[in-house]
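To keep things clear, I will list the structure first and then write my remarks on it.
Please treat every number below as a calculation from the coordinates, not as lab data. Worth saying up front: this structure is predicted, and the values here are computed from it rather than measured. All Cβ positions, even for glycine, are placed from backbone atoms using ideal geometry, and neighbour counts span all protein chains on display.
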Amino acid sequence: MIAKQKIHGFVAAFDYNHQKMELKNPKDRAELLDHNFFKYDRESILKEINFLKQLRPNLTRDTYHVSLNFAPNDHLSKDQLVQIGKDYLTGMGFDDNAYAIWQHFDADHLHIHVLASRIKYAGSVVSDSNNYQRSEQICRELEQKYGIETVKSSKEALDRAPSKDELEMIQRTGKLSDRMLMQERVKDALSKAETISDFIIQCKQNGIHLIFNQSETTGRVSGLTYISDDGFIAKGQKLGNQYKWANLQNKLNYEQSRDRQTIGKTNRYTRERFKELLDQGNRGTENRNGKTSRNSKQHHEQSAGFTSNNGKSFQNRGESGSNPHSERTINNKEAEQELEEAVSNQLSTGTSTVISSISGLLGGISGNEVDDEALLRRKPKIKR
């Protein structure tokens, strides 16, 4: 089970679910499963929510909205869906709150949307601290309780899962996105390397160039950025756990004093080669605002396929699946990307498995959504 969370205002979230109940196409429709409002009427519900808001007038993000997504092989009754929704809310601290639960039918997998006021009837507010960690733990507990398919936790997942847009692009074109193609190329290099020097060489042969976040004074490395021949940029956490520097240095033979010079040389080469890209105002966002600096002929040759030194061919995979909502610059805060990754990694079952079961995963919410309130905490707090 995968939980996708959002903390925001009530009206937009309620209308999104409520209006889907009135759609003509059954596949687009939503069905109300349960609620604890005085009565299910929009005007009445908004009055009730406004009453609760008076208890906490300065709370702007007063609503918790989560979709609970189940594996294609999970078969649950409506009563079970309601109970899972209520158990999830209780586990997240919503034990005395107004709520509603809908089942949506706009995907090939079973999923429900749960909406709840963060303001308890007694006036206290449900904390949003460590939302993702707590949510993952609750999902694993509910999987055991209800005998549904278990999903790897974000810490266990090696590859960051494809987003909905990427999956739809694969179904439409048969090609991987730039990010997924980069995953395959780096993974191939990693499988052949024993040392950091080997890894650098193998990546370069596969059209991937590296920039290590290396201290000029100590030589210590604290992060890693990947750049493809055609200018696509991604930090390790955008690809998955196994691509992060912290995990790479444990897998590969690495000694700081021995490899310091090699890493420095690699950095100078990559920065010089991609100087124009790295000097751009946006520091090379992953999709560069939907615009590409690729030469069309070069892009065709590179995306049509490449062959690694063992003859392994990656054909027809290099079409970008990025979208404006997934833009991140090379200088984005590590913490914000970690939050985003914590959610999307839950979908990860390996690229080949994901591609083979596209129909069962389409329709889920994009893995690029991040809890607004969680990101807000990264900024200086303002007293209410």
Notebook entry, point to check: With each label point set 7 Å from Cα along the Cα-Cβ vector, what nm distance links Leu252 and Asp106?
Noted result: 4.3 nm
Check: Counting other C-beta atoms within 10 Å, which of Lys39, Lys204, Lys4, Lys244 has the fewest, and how do the rest follow?
Finding: Lys39, Lys204, Lys244, Lys4
Next item on the list: Work out the FRET efficiency for Ala122 and Asp279 from their Cβ-Cβ distance, taking R0 = 56 Å, and round it to the nearest 0.05.
Entry: 0.50
Check: If you stretched the chain out fully between His75 and Asn58, how much longer would it get, using 0.36 nm times the residue separation minus the C-alpha to C-alpha distance?
Finding: 1.9 nm
Item checked: Separation in nanometres of the label points that stand 7 Å from Cα toward Cβ, at Lys27 and Gln261 -> 6.3 nm
Next item on the list: Mind running the shape call on the stretch 2-151? Use the C-alpha gyration tensor, a ≥ b ≥ c as the square roots of the eigenvalues: rounded below 1.5 for a/c, prolate if a/b tops b/c, oblate otherwise.
Entry: oblate
Next item on the list: Please report Asp188, Asp79 as a ranked list, fewest other C-beta atoms within 10 angstrom at the top and most at the bottom.
Entry: Asp79, Asp188
Check: In nm, to one decimal, how far is the modelled label at Phe38 from the one at Asp87, with both set 7 Å along Cα→Cβ?
Finding: 3.3 nm
Note to self: Need the full-extension length gain, Glu48 to Val11, defined as separation in residues times 0.36 nm minus the C-alpha distance. One decimal, nm.
What the structure shows: 12.1 nm
Next item on the list: Go through Lys145/Lys238; Lys164/Lys235; Lys20/Lys175; Lys47/Lys120 and tell me which ones have a Cα-Cα distance over 23 Å in this structure.
Entry: Lys145/Lys238; Lys20/Lys175
Margin query: Please arrange Ile2, Ile49 by how many other C-beta atoms lie within 10 Å of their C-beta, fewest to most.
Written below: Ile49, Ile2
Margin query: Residues of the stretch 89-116 with the amide nitrogen closer than 19 Å to a label point 7 Å from the Cα of Thr150, along Cα-to-Cβ, please.
Written below: none
